[in-house]
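Student: Pasting in a structure now, in structure tokens, and then I'll have a few things to ask.
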Amino acid sequence: VKIKIVDIPVPITIGPAFEGETIRKKDAWVEFGGGRSTSFELVRMCGVDEVEDGKIEVIGPEIDEMPEGSVFPLGFMVDIYGRKMQEDFEGVLERRIHYNLNYGEGLWHVAQRNMMWVRIGKNAHDVGFKIKDFGEILIAKFKSDFPAIVDRVQVTIITDKDVIEEKIKIAIEKYATRDARLKGLTDDVETYYSCLLCQSFAPNHVCVVSPERLGLCGAVSWLDAKASNEINPLGPNQPIEKGECLDAEKGQWKNLNDFIYANSHNTVEAVNFYTLMENPMTSCGCFEAIMAILPMCNGVMITTREHGGDTPCGMTFSALAGTCGGGMQTPGFMGLGRRYITSNKFIKADGGLARLVWMPKELKEFLGQDLIDVAVAEGLGADFVDKIADETVGVTEDEILPFLEEKQHPALKLDPMM
Ligand code: SF4
Ligand code: ZN
């Protein structure tokens, strides 16, 4: 990614050097989202009269009214007018919020959409960073990075706990519309797209995004990658024609391997799309969820960034992230986007959804009816979701196995995983 230096009127330094910076809880002045409060980010295409260029509005408390160590809600609404802007570009620009805010010294942004999690460090607070300054950064970056499609930008930042509950409805409806456009597209298309955006901190990591498998950050779908390539043909999302199929079941294609090998600086030789047991896709660090094998239960578990607790594989999300991040292939472990779970191609070569034996309750609720629909389509029955254990059943394999046996979870009858 080419980074232009632009003058942004904020009291902190903005630059790629700060991208990998982590802000620990104890070093945060205030934090937002991440399951602790409501949060969302939304880029919308708007009409010419709906956008007042450069306008920043903060609805709710400024940072002066946020005590040290506090938690507040946070919503970003970025309205864009551009003669060449398309609705398809919204998701692409929305992902840039993540990168642009992380360039700020003392700012930290993870996840996306209404999972967004943000911290402002004490260092940034102490030099006078304001909530309004988020808007300054976003406006400057969108205008300098996308001059061809962005003519006017305005940013509304919501920190009021009542207003955000209203505004988030607009965002959730938008996300649903975008996701619906993907339905009906299958992995049978000839062209997948690369995403190399995360190479700035995981240099050998290559995401390949297909219609039925979104990027592990959950923010880049095949349609987003396609739109991003239209915006910037030499950018981080390149079309790759799959070429010769080397393994239809595991999902391996010659040209994808060649692309991944070359772009991982000759470290990853082959990737299977539909299994986590052999040459799984690499993981950078921004996975929404992590999947891990549970040998005793003959299945897999998934935990999320939002679930801080223990899991039956013996590791928390952060311990797992240390095991399988950084662009390495770690058979038996893999980062994934939440919505990949309800894909028809979900670990197909390992037995598909029938392998899933444990996930946090919150993730079950997040996937909701979609998960039930897929279970039915896979012939597992509408009650399959109730056979998946969660933290209320147990957080060790010993604790959950009797439950799986009692519920006659289908994973127990599948071929051994190892
Ligand atoms: Fe792109 Fe993958 Fe990073 Fe998402 S996780 S931004 S798809 S490289
Ligand atoms: Zn990443």
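The values are calculated or read from the model by the stated rules, or taken from the named source; none is laboratory data. Quick caveat: nothing in here was measured; it's all calculated off a predicted structure. Neighbour counts are summed over all protein chains in view; Cβ atoms, including those assigned to glycine, are modelled from backbone coordinates with ideal geometry. Just so you know, the surface numbers come from the protein's heavy atoms only, side chains and all, with ligands and any DNA or RNA stripped out. Shrake-Rupley method; radii C 1.70, N 1.55, O 1.52, S 1.80 Å.
Student: So how much accessible area does PHE201 have, in Å² to the nearest 10, using a 1.4 Å probe?
Tutor: 80 Å²
Student: State the cysteines of the chain left without a partner when partners are defined as other cysteines whose beta carbon lies under 4.7 Å away.
Tutor: When partners are defined as cysteine Cβ atoms under 4.7 Å apart, the chain leaves CYS46, CYS245, CYS297, CYS313, CYS324 without one.
Student: Now for a different question. In the range 190-232, what percent of the accessible surface is made up of carbon and sulfur (1.4 Å probe, ligands and nucleic acids excluded)? Please list the in-between numbers first.
Tutor: Working: 560 of 1160 Å².
Summing carbon and sulfur atoms, their accessible area is 48 percent of the total for the range 190-232.
Student: Further question: Starting from the Cα gyration tensor of the range 275-364, take the square roots of the eigenvalues, sort them a ≥ b ≥ c, and report rounded, prolate or oblate (rounded when a/c is under 1.5, otherwise prolate if a/b is larger than b/c, else oblate).
Tutor: Values: a/c = 1.29, a/b = 1.07, b/c = 1.21.
Taking the square roots of the gyration eigenvalues as a ≥ b ≥ c, the range 275-364 is rounded.
Student: Quick check: net charge around VAL30, other residues with Cβ under 9 Å of its Cβ, Lys/Arg +1 and Asp/Glu -1? List each step's numbers first, then the result.
Tutor: Numbers: positive: ARG119; negative: GLU31, GLU68.
Cβ neighbours under 9 Å give a net charge of -1.
Student: Another question, if that's okay. Filter the cross-link list LYS84/LYS183; LYS55/LYS167; LYS84/LYS174; LYS26/LYS55; LYS174/LYS250 down to pairs whose alpha-carbon distance in this structure exceeds 28 Å.
Tutor: The answer is LYS26/LYS55; LYS174/LYS250.
Student: Same structure, new question: Rolling a 1.4 Å sphere over the protein heavy atoms, what is the accessible area per residue of the range 229-372, to the nearest Å²?
Tutor: Accessible area per residue: 36 Å².
Student: So if each residue of separation counts as 0.36 nm, and I subtract the Cα-Cα distance between MET296 and ARG24, what length gain in nm does that give? Present the calculation step by step, with values, prior to reporting the outcome.
Tutor: Values: separation 272, 0.36 × 272 = 97.92 nm, distance 3.50 nm.
Going from the current span to full extension adds 94.4 nm.
Student: Next up: Would you pull out the residues with amide H under 5 Å of SER283's amide H, same chain only if 5 or more places away, H placed 1.01 Å from N?
Tutor: GLY327, MET328
Student: If you add up the charges near GLU87, with Lys and Arg at +1 and Asp and Glu at -1, over every other residue whose beta carbon is less than 10 angstrom from its beta carbon, what do you get?
Tutor: +2
Student: I've got another one for you. Out of residues 5 or more away from LEU356 or on other chains, whose amide H comes under 5 Å of its own, with H placed 1.01 Å from N in the peptide plane?
Tutor: Here VAL300 satisfy the definition.
Student: Roughly what would the spin-label model give for ALA262 and GLU190, points 7 Å off Cα along C-beta, in nm?
Tutor: Placing both labels 7 Å beyond Cα along the Cβ direction yields 1.8 nm.
Student: Where the centre of each part is set by its Cα atoms, how far does the range 212-280 sit from the range 11-33, in angstrom?
Tutor: When both Cα centres are located, 31 Å separates them.
Student: Would you grab the residues whose amide H sits under 5 Å from the one on LYS55? Only those 5+ places off in sequence or on another chain, please, with H modelled 1.01 Å from N.
Tutor: Amide H to amide H, under 5 Å and 5 or more residues apart or across chains, LYS55 pairs with VAL155.
Student: Still on this structure, please answer the following. State whether the range 174-305 is rounded, prolate or oblate according to the following rule on the C-alpha gyration tensor (a ≥ b ≥ c being the square roots of its eigenvalues): a/c under 1.5 gives rounded; otherwise a/b larger than b/c gives prolate, and the remaining case gives oblate.
Tutor: Rounded, because the longest to shortest axis ratio a/c is under 1.5.
Student: Run lengths n ≥ 4 of DSSP H only: what is the helix-derived mean residue ellipticity at 222 nm for the chain, with -39500 (n - 2.57) per run over all residues, to the nearest 500? Mind showing how you got there, number by number?
Tutor: Values: 10 runs with 113 residues, N = 418.
About -8000 deg cm²/dmol.
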